[in-house]
Amino acid sequence: MALYKGAQLNAFKARNAKKKRSIQDRLSNTPVTGLLRKHANVNPMALLGAGVATADHILELGASRLAARANIDADAASKWINAARDVKRAQAGDDVPALKPADWSEEDVGLVRALLALESAELLRSATPGLSYATDRARVLLKGTGWLRWKLTTGASDNLAENIAELSEWISSGKGEAHQAGVESQLARHLALIDDLRNPGEVARLWAYKREELLTLLREEVP
């Protein structure tokens with residue numbers, strides 16, 4: 001569970017990093033000539049002439065500095081700022097890796113790596129319930145011996161004896177050892193995968209045939 005929670009947190013951070021990178025790239029790649037096309041009273045050439053070429057640059061300057069630098073009035077500067085802010089707003093797909101690894105940024109690699117680790121941790125977590133059955137059941141039985149419940153519940157001692165006998169039989173059956181072997185095997189695979197994911201090429205290879213599963217994991221398991 002600790003491994004799963006850690007992997008889930010890493011995926012959450014990686015998704016946010018990817019989202020920020022997508023927004024930053026969009027701002028940096030949106031020229032001022034692509035903004036406010038329907039506004040006849042603003043001229044992008046005033047900004048270009050002042051060395052302001054992208055939506056990113058507009059937001060870096062802010063309204064007052066933009067007005068002074070491009071020699072435009074406050075109303076025009078406000079329109080440019082608002083247009084750049086529209087570009088900055090989150091869009092569908094900002095938190096999803098690019099389709100082709102050739103187009104990936106460092107943040108894309110990081111997100112796919114985190115999702116692969118989360119998927120493996122989820123498989124490991126699903127392998128552990130049988131192993132933890134005995135301790136989970138013992139905790140329940142321990143709670144059942146609280147003095148108030150013991151005093152007020154009719155037949156509490158008989159029920160407890162039956163449950164203890166059931167737990168004892170389960171332990172004696174060797175089922176715990178059988179589950180332990182499976183968990184240890186899955187843990188070994190998990191640790192090997194984490195080591196392999198240091199290589200971006202391996203991350204890209206796994207993404208090639210796990211894309212849909214990983215995107216589903218992103219939507220359903222990352223808060």
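Annotations
- Note on VAL140: accessible area approximately 80 square angstrom, rounded to 10, probe 1.4 Å, nucleic acids and ligands left out.
- Placing pseudo-labels 7 Å out from each Cα toward the beta carbon at ALA98 and GLU60 gives an inter-label distance of 2.1 nm.
- Taking Cα centre as origin and charging only the Cβ of basic (Lys, Arg, +1) and acidic (Asp, Glu, -1) residues, the dipole magnitude of the chain rounds to 820 debye.
- Accessible area per residue, Å², segment 1-113 with all protein chains present, probe 1.4 Å: 57 Å²
- Using the Cβ-Cβ distance between ILE164 and LEU187 with R0 set to 25 Å, the FRET efficiency works out to roughly 0.25.
- Note on the chain: with neighbouring protein chains present and a 1.4 Å probe, carbon and sulfur make up 54 percent of its accessible heavy-atom surface.
- Maximal additional length on extending the SER78-ASP136 stretch stands at 14.8 nm, based on 0.36 nm per residue less the C-alpha distance.
- When TYR209, TYR4 are compared by accessible surface with a 1.4 Å probe, the order from highest to lowest is TYR209, TYR4.
- The calculated FRET efficiency for ARG219 paired with ASP86, based on their beta-carbon distance and R0 = 22 Å, is about 0.30.
- In the chain, the calculated helix contribution to ellipticity at 222 nm averages -25000 deg cm²/dmol per residue, counting -39,500 (n - 2.57) for every DSSP H run with n ≥ 4.
- With Cα atoms, 0 to 90° folded angle of helix 200-221 axis to the chain main axis: 80 degrees
- Comparing GLU166, GLU106, GLU119 in a Gaussian network model of the chain (Cα springs below 10 Å), the most mobile by mean-square fluctuation is GLU166.
- Cross-link pairs beyond the 27 Å C-alpha cut-off, checked among LYS13/LYS38; LYS13/LYS100; LYS38/LYS88; LYS20/LYS79: LYS13/LYS38
- Ranking of ARG89, ARG198 by solvent-accessible surface, largest first: ARG198, ARG89 (1.4 Å probe, protein heavy atoms only, all chains present).
The values are calculated or read from the model by the stated rules, or taken from the named source; none is laboratory data. On a predicted model such as this, the values are computed, not experimentally measured, just so you know. Note that we place each Cβ from the backbone using ideal geometry, even for glycine, and neighbour counts take in every protein chain shown. Accessible surface areas use protein heavy atoms only, side chains included; no ligands, DNA or RNA. Shrake-Rupley method; radii C 1.70, N 1.55, O 1.52, S 1.80 Å.
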